[in-house]
1. Could you tell me what percent of the accessible area of the range B:11-229 is made up of carbon and sulfur, with a 1.4 Å probe and every protein chain present?
2. Which of the residues in the range B:347-368 show a loss of at least 30 Å² in accessible area from their chain by itself to the complete set of protein chains, at a probe of 1.4 Å?
3. What is the Cα centroid distance between the range B:261-336 and the range B:154-185, reported in whole angstrom?
4. For the range B:177-255, run through the trypsin sites (Lys or Arg not before Pro) and keep only the ones in DSSP coil with at most 12 other Cβ atoms within 10 Å of their Cβ.
5. Check which residues have an amide H placed less than 5 Å from B:Val195's amide H, if you skip close sequence neighbours.
6. Using 7 Å Cα-to-Cβ label points, what is the B:Gln290/B:Asp366 separation (nm, one decimal)?
7. Averaged per residue, what accessible area in Å² does the protein assembly as shown show with a 1.4 Å probe, protein chains only?
8. Using a Förster distance of 22 Å, how high is the FRET efficiency between B:Glu348 and A:Thr69, based on the Cβ-Cβ distance and rounded to 0.05?
Amino acid sequence: MKRKLIVITALMFVMPMVVQADAISQLQADYQAKGAGPFSAAAGEALWNKPFKDAKSGKERRCTTCHTTDLTQAGKHLRTGKVIEPMAPSANPKRLTKIKKIKKWFVRNCKWTLGRECTAQEKGDLLAFLKSL
Amino acid sequence: MQTQTEENPVAEITQARIWNIPVRLFHWMLVSCFITAWLTRDDRYLDIHLFAGYLMAALILFRLLWGVIGGPYARFGDFAFGWREAWGYTKMALKGCPPRFIGHNPAGSWGIYLLLGLGSLIAITGLLALGGEEGHGPLAGLLNRPQGALAHDLHELLAWVMLGAVAVHLLGVLVESILHRENLIGSMITGYKSVPPGTVSATASRPVAAFMLVATIAAGFSWFYGYLVETPEQPYRPFIGQQLPDNALWREECGACHLAFHPSLLPARSWRVMMQQQASHFGEDLFLEQDAIDEITTFMADNAAEQELTEAAWKINQSIPETETPLRITETQYWIDKHSEISMQIWESPKVNGKVNCAACHLDADDGTFEDAAMRIPVEEDQSSTVLFNEMFQKAARYFSFNSAPPNRLDDKG
C-alpha cells in the first residue's frame, strides 16, 4: 500500500513534466483525434509565410509580420513595437512548452492574420514546422 | 585691512595677487554648476542636475569656511560692510564716481552674501523636492508629495531669483570695470590687480586649491562611475525606485503584446472598464476567462494610480479630470506634457515604433517605476547626427522661448 502511494506520488510529479516537455506531440495527437494528419513541416512553412489580406485595412498580414522570417531571431509586435522572443525552440527552449499558451495564441494569431481560426490540419502543420527549427 | 584708496594717477602702480586660487576656483566652479544645473533641469538629466547641485552646496559650505580662514580679501571680515555703506557705494556708482576698493566693494559684498544665501536655499529646497517627490536623497520621506511639489516650485522660483541676482552682479562688474578702467573679470581669472605699492597681497593657497580639484574629480568619478561600466544589455540606471507590487498572471496576460503597463499608470476606473471590454481591446480580443479577468482586475485596482505608488502615478492621476476614464496612458495630460518635446521622427523610428513602446526609452519600464534619468532616446546609427542635431536645435529654441513662457512645472500639474 505504502509503495503504491509512493509510486503514485512520484508519478504525479513526473507526469506533468513529461506532458509539458512534449506539448507539441500532445496537441498533434489531439488534432489527429479530430481527423487531421499526417502533418507536414513544408505545409506549415508555406502557411507561415503566406500573405493574407486584412479585410479592414487592406494590408498584407502574415505570421512573419510579428515573428520575422528568421525564427531564430527575435521578432517585433507590429502594433506595439514590443520585442517577441525567437520562436524556434532551438533558440528559445521555453517555446511551445505549454499547451494552454499555444492554444491561446493559435486562436489570437490565426484570427488576426488569417481572419479566421486555423483548422486542426493547419495547426498540426504549423507545429511540425516550428518544431523542426 | 586697507581697502579703500584714493585715485592717484601719479602714484606708482604695481601688481599684487588679490584673489587666492581657492577663491577663483570657487567662483568659476560655482558658475559652471549654475549653468549646468540650468541646462539639466529636465527630468532626463536629473543625475547630472543633482551632481551640479551637490557640488554647488559643497562649494558654498567651503566658501563659508574659507570666509573665516581664507586669508586677506577672502575673509568675510574683510568685506563685512553694513547696508549703509553698500547703499552709499551704490549711490556713488550711479553718479559715476565710486571709490575704488582693492577687495570686494560694499555693494559687491552684499551681492556675494545674497548669492551665497540664494545658493544655499536652492540646495535645501532641491533636496526637499527630491526627497518629497521622488523619494530619493538624504531627505527622502521627510515631506509628502504635495509638500515636495511645493518645495520644487520654490526651488525653481529661487533659481529664477538667483538668475536675476547673477545678472545684477554681472552688471555691477561691468560698470565698475568701466568706471575704474580695470578688467575685473581678468582679475578673477589671474588673481592679480593693479594696486598701489605696499598693498598686502594674498597667498596662492595651492594645497587647498589642489584639494578642491582632487575632491571634485573624485566625487564626479564615483557619481558617474556607473556610465563607465554599463553595457548595452545592462544600461546604467542612476536611480532605482522601490519595488512595486507584481502579479504573475497579470504579467503573463498583459505583457505579451506590449509592455505590462504597471497598474500605477492609470486609475482603477480605467482598468475596470478596460477589463470589461477585454474582448475588444484596441482591436484585439484578449480571450480571457472570467476568473483571470477577476484576478487581474483586483490586482490592478489595488495598485492603481490613486495609490500613488510612484511619482508618475501621483502626477498622472492628478492630471486626469474626475469625470474622465482614459483607456490610454498616452492620452493622459501628464504623459502628453512629458513627451511633447519628442519629435515625430523619433516616434516613427524603427527602434521606438510608436508611443506604446515605453521600454524603447525607459530603462525601468518593466518595473513600472519610470524614474528620472532612466530614459534614453534610441537613435539609428546612420541618422544619429541629424536626430541629435534636431534635438539640440529644439532645445536651443525652447531655451530662448523659455524666458517668456512660464517654467514647465506649471504644465506638470496639468
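The values are calculated or read from the model by the stated rules, or taken from the named source; none is laboratory data. Being a predicted model, the structure only gives us computed values, none of them experimental. With ideal geometry, Cβ positions are generated from the backbone for all residues, glycine too; neighbour counts draw on all protein chains shown. Protein only, heavy atoms only, side chains kept; ligands, DNA and RNA dropped before computing areas. Shrake-Rupley method; radii C 1.70, N 1.55, O 1.52, S 1.80 Å.
1. Details: 8120 of 10980 Å².
With neighbouring chains kept in place, the figure for the range B:11-229 is 74 percent.
2. When all protein chains are present, B:Asn353, B:Asn357 each give up 30 Å² or more of accessible surface.
3. 50 Å
4. Values: sites: B:Arg181, B:Lys193, B:Arg251; in loops: B:Arg181.
Hits after loop and neighbour filter: B:Arg181.
5. B:Thr14, B:Gln15, B:Ala16
6. 3.6 nm
7. Details: 29920 Å² over 547 residues.
Per-residue value: 55 Å².
8. Numbers: r = 23 Å, r/R0 = 1.04.
Rounded to the nearest 0.05, the efficiency is 0.45.
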